[in-house]
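These notes concern the structure reproduced below.
Nothing in this text is a laboratory measurement; each read-out follows from the coordinates by a stated rule. Computed from a predicted model, the values in this text were never measured in an experiment. Quick reminder, even Gly has a Cβ in these numbers, built from the backbone with ideal geometry, and neighbours come from all protein chains shown.
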Amino acid sequence: MNVDIEFLKKLAMEAGAYIKSKRPSSSEIESKEGRGNFVTAHDKAVQAMLYDSLKKEYPECGFMGEEDETHCESLPEFCFIIDPIDGTANFINGYRHSAVSIGYVEHGIKKAGVVYDPYLDELFYAELGKGAFLNGNPIHVSGRKLRDSIILFGISPYYEGYGEKSFTMLRKLYENACDLRNSGSAALDICYVASGKTDVFFELRLSPWDYAAGGLILSEAGGVIKNCEGGEISLVKGGSVLCAGKENIEEIEALIL
Ligand code: IPD
Ligand code: CA
Ligand code: CA
């Protein structure tokens, strides 16, 4: 199925404009399972808006979205994987670093991805085999070696039991790199590695909607996305994620595996 990247870009920008215009009141915020895991009325509204528009344009497509009531065990043949607001805690607190993430996957292969940060008006996107772009300009991973790298990380706050291992890994990387950052939006973290703003990202437990779109943008930008055990990421189940350039991935794996 041919998905029109211009349509996805437009949709992400419309959703982003909505997000930028809102700040949830306390009655619009609900807790989900896990530490600091919230959903707001706006996460739900953005997902509904994206589903509606995509269903009209691509009636044969299925969906996986963070705010679905249940998550499927296998992906539909043609599937949009959506995080309506990646960086919900930032959004709630007015931290102004969140994004809309729309990935399109066909027979389990990532075909298109769009990640939009409405606060900086930065639109990252890619189609399989066509390169990756930020606001129309081609992007590429930095090419920096680990000793010169800035490491982005997440601690998988919603899941118990990842803290100690995350900090051990972080310490090993920090001792061999330049500096660390924690941003609160995994989708943007991956795009920041793709565009060379930073060099490495890892988190030990993420879900497909966090990295489906960003993962394609990164690989089209010449980067590598794997799990932290040295294997392939899954688009169905979620798991650990390691993003880097071809120049530093081996050195990183030698430290963490
Ligand atoms: C979260 C963000 C955060 C990461 C969490 C994610 P959400 O997504 O990407 O950076 O550390 O693991 O779940 O809940 O804001 O969509
Ligand atoms: Ca997310
Ligand atoms: Ca989300």
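Numbers below:
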| quantity | calculated |
| --- | --- |
| Given (1) out of contact with any strand residue (DSSP E or B) (no Cβ under 8 Å at 6 or more places or on another chain); (2) more than 16 Å from G143 (Cα to Cα), number of the condition E250 does not satisfy | (2) |
| Residues located in region 30-53, provided they are of a type in the set (S, T, N, Q) and part of a strand (DSSP E or B) | S31, T40 |
| Matching residues in region 153-167 - criterion: being within 15 Å of ligand 3 (Cβ to nearest atom) and of a type in the set (S, T, N, Q) | S156 |
| Looking only at region 87-101, and only at residues there that are of a type in the set (A, V, I, L, M, F, W, C) and within 12 Å of ligand 2 (Cβ to nearest atom), the one that is surrounded by the fewest Cβ atoms within 10 Å (Cβ to Cβ) | A89 |
| Residue check for A194: surrounded by 18 or more Cβ atoms within 10 Å (Cβ to Cβ) and either within 16 Å of ligand 3 (Cβ to nearest atom) or among the aromatic types (F, W, Y) (or both) | no |
| Residues located in region 1-29, provided they are part of a helix (DSSP H, G or I) and not aliphatic (A, V, I, L, M) | E6, F7, K9, K10, E14, G16, Y18, K20, S26, S27, E28 |
| Answer residue from region 55-102, given it is polar (S, T, N, Q) and outside any helix (DSSP H, G or I) and is farthest from ligand 3 (Cβ to nearest atom) among those | S74 |
| Some residue of region 149-170 being within 19 Å of the chain's Cα centre (by Cα), away from ligand 1 (no atom under 13 Å from the Cβ) and touching a residue at least 12 places away in the same chain (Cβ under 8 Å) | yes |
| Within region 20-55, considering residues that are touching a residue at least 40 places away in the same chain (Cβ under 8 Å) and farther than 20 Å from G184 by Cα, the one surrounded by the most Cβ atoms within 10 Å (Cβ to Cβ) | L50 |
| Filter result (of a type in the set (A, V, I, L, M, F, W, C), in contact with a helix residue (DSSP H, G or I) (Cβ under 7 Å, 6 or more places away or on another chain) and crowded, with 20+ Cβ neighbours inside 10 Å) within region 174-191 | A177, A186, A187, I190, C191 |
| Considering residues of region 130-148 that are farther than 20 Å from E253 by Cβ and in contact with a Gly (Cβ under 6 Å, 6 or more places away or on another chain) only, the residue farthest from ligand 1 (Cβ to nearest atom) | P138 |
| Subset of region 103-140 [within 16 Å of ligand 3 (Cβ to nearest atom), assigned to a strand (DSSP E or B) and farther than 18 Å from V224 by Cβ] | V114, Y116, D117 |
| Members of region 60-87 that are within 16 Å of ligand 1 (Cβ to nearest atom) and of a type outside the set (A, V, I, L, M, F, W, C) | G65, E66, E67, D68, H71, D83, P84, D86, G87 |
